[in-house]
Amino acid sequence: ALGIFADHRLNVVGLSMDKGGVIIEALEEELAHQTPVFFYTIPTFNNPTGLTLSAARREKLVQLSQEYNFLIIADEVYHLLDYTSTPPSPMAKYIEAATVLSLGSFSKILAPGLRLGWIQTHSDSMNRLTTNGLIFSGGGLNPFTSAIVQSAIELGLQEKQLLYLKKVYLQRKNALNTALRENLPDSVSFVEPDGGFFTWLQLPQHVDTEELLPEAHKHDVSFAPGSFFSPRRDLKNYLRLSFAYYEASELVDGAKRLAAVITGQLS
């Protein structure tokens, strides 16, 4: 998202988060001297933190969007991938407020190569989206992929695949996080998510994970440095791991190699 925003020369203002997701008071402080066009968020099983925006904060966010006249772009592609707890209702619940666009993607719940998604929003906003030139021409859509996914839904294959993915991802999540707990030094902490794809590690303040990455590559392990996810390029002592792709045994091996790299850096 940050790359897309940069391509369009948008002024991006980052907000702080805690265990309940985006801190609404931080948003209110910015609204005192900013006039945003939209607020972009991944409210459920956030990328990269794995955190979920609480129900109360979702309500308050919608209220602020109406009061200050900005859109909420809710990237809800991980919402259906819950493993250990049920998240609050999706932001799609609030589409009648006319300030919410909820985005979903079959690439996360059916197959990564299916670059097909959906939007839920108020009928007025939907009319604007479906009557623009790109959509009206048909050139911005993929009718072949859309037909495949429609058949998968009608045949019950999407639901079956989702249940399978949730089972597999839970196993992989548990394998990775157990290995991290067993091998990381005590000075490293992490958020174990209830769903989604990611585990978010916090290293001691003096560690720059961008500088750590080349050393990790020497040990055949990789991660996304925290600075990649910040418009201010801070969060330098954080890193993101994904457990979605590799088998559980590979994740355990990778966690051990990563822990060795981090331990070596801290010693």
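Things to note:
- Membrane-span-like helices in the chain, defined here as complete DSSP H runs extending at least 15 Å along the helix axis by their C-alpha atoms with mean Kyte-Doolittle hydropathy no lower than -0.5, are 143-154, 248-266; this is a sequence and geometry rule, not a statement about a membrane.
- Charged neighbours of Thr52, selected by a Cβ distance under 14 Å, balance to -3 (K, R count +1; D, E count -1).
- Peptides ranked, highest mean first, by Cβ atoms within 10 Å: ranges 20-30, 51-61, 72-82: 72-82, 51-61, 20-30
- The distance between label points at Gln66 and Ser107 comes to 3.4 nm (points 7 Å beyond Cα on the Cα→Cβ vector).
- Stokes-Einstein diffusion coefficient of segment 1-45, Kirkwood radius over Cα pairs, 4 °C, 1.567 mPa s, in µm²/s: 110 µm²/s
- Residue-normalised accessible area of the chain, given per residue in Å² at a 1.4 Å probe: 55 Å²
- Evaluated at q = 0.15 Å⁻¹: base-10 log I(q)/I(0), Debye formula over Cα of the chain: -1.24
- Once the chain from Glu59 to Val13 is taken as fully extended at 0.36 nm per residue, the excess over their C-alpha distance is 14.4 nm.
- Counting 0.36 nm for each residue step from Val37 to Gln161 and taking away their Cα separation leaves a gain of 41.0 nm.
- Where only C-alpha atoms are counted, convex hull volume of segment 89-169 per residue in Å³: 109 Å³
- Segment 1-145 - Rg over Rh from alpha carbon coordinates, Kirkwood radius: 0.96
- Given +1 at the Cβ of Lys and Arg, -1 at the Cβ of Asp and Glu and no other charges, the dipole of the chain around its Cα centre is 460 debye to the nearest 20.
- Rg over Rh [alpha-carbon atoms, Kirkwood Rh] for segment 107-263: 1.09
- Label-to-label distance, nm, for residues given as Asp208 and Asn132 (7 Å Cα→Cβ offset): 3.8 nm
- Protein accessible area in the chain, 1.4 Å probe - carbon and sulfur %: 53 percent
- Entries in Lys218/Lys256; Lys173/Lys236; Lys167/Lys256 that, when Cα-Cα distance is taken, lie over 20 Å: Lys173/Lys236; Lys167/Lys256
- Judged by the mean number of other Cβ atoms found within 10 Å, the most tightly packed of the peptides 8-17, 237-246 leads the ranking 237-246, 8-17.
- The alpha-carbon of Lys166 sits under 21 angstrom from the alpha-carbons of these lysines, leaving out residues fewer than 8 places away in its chain: Lys108.
- Counted residue by residue at 0.36 nm each, then reduced by the alpha carbon distance between them, the extension gain from His217 to Ser249 reaches 9.6 nm.
- Extreme residue, positive dipole direction of segment 67-186, given options Leu134, Ala147, Thr178 (C-beta unit charges): Thr178
- Computed over the chain, the per-residue total of -39500 (n - 2.57) for DSSP H runs of n ≥ 4 gives a 222 nm mean residue ellipticity of -13000 deg cm²/dmol, rounded to 500.
- Computed from the Kirkwood radius of its Cα pairs, the Stokes-Einstein diffusion coefficient for segment 43-109 at 37 °C and 0.692 mPa s stands at 265 µm²/s.
- Each principal axis of the Cα cloud of segment 144-210 was evaluated for its coordinate range; sorted largest first, these ranges are 52, 24, 14 Å.
- q = 0.14, 0.23, 0.30 Å⁻¹, segment 214-259: log10 I(q)/I(0) [Debye, one scatterer per Cα]: -0.38, -0.85, -1.09
- Think of the chain as having a plus end and a minus end, set by charges on the Cβ of Lys, Arg, Asp and Glu; of Gly20, Asn69, Ala260, Ala260 sits farthest toward the positive end of this dipole.
The values are calculated or read from the model by the stated rules, or taken from the named source; none is laboratory data. Quick caveat, the model's predicted, so the values are computed rather than measured. Neighbour counts are summed over all protein chains in view; Cβ atoms, including those assigned to glycine, are modelled from backbone coordinates with ideal geometry. Please note that ligands, DNA and RNA were not included when accessible areas were found on the heavy atoms of the full protein model with its side chains. Shrake-Rupley method; radii C 1.70, N 1.55, O 1.52, S 1.80 Å.
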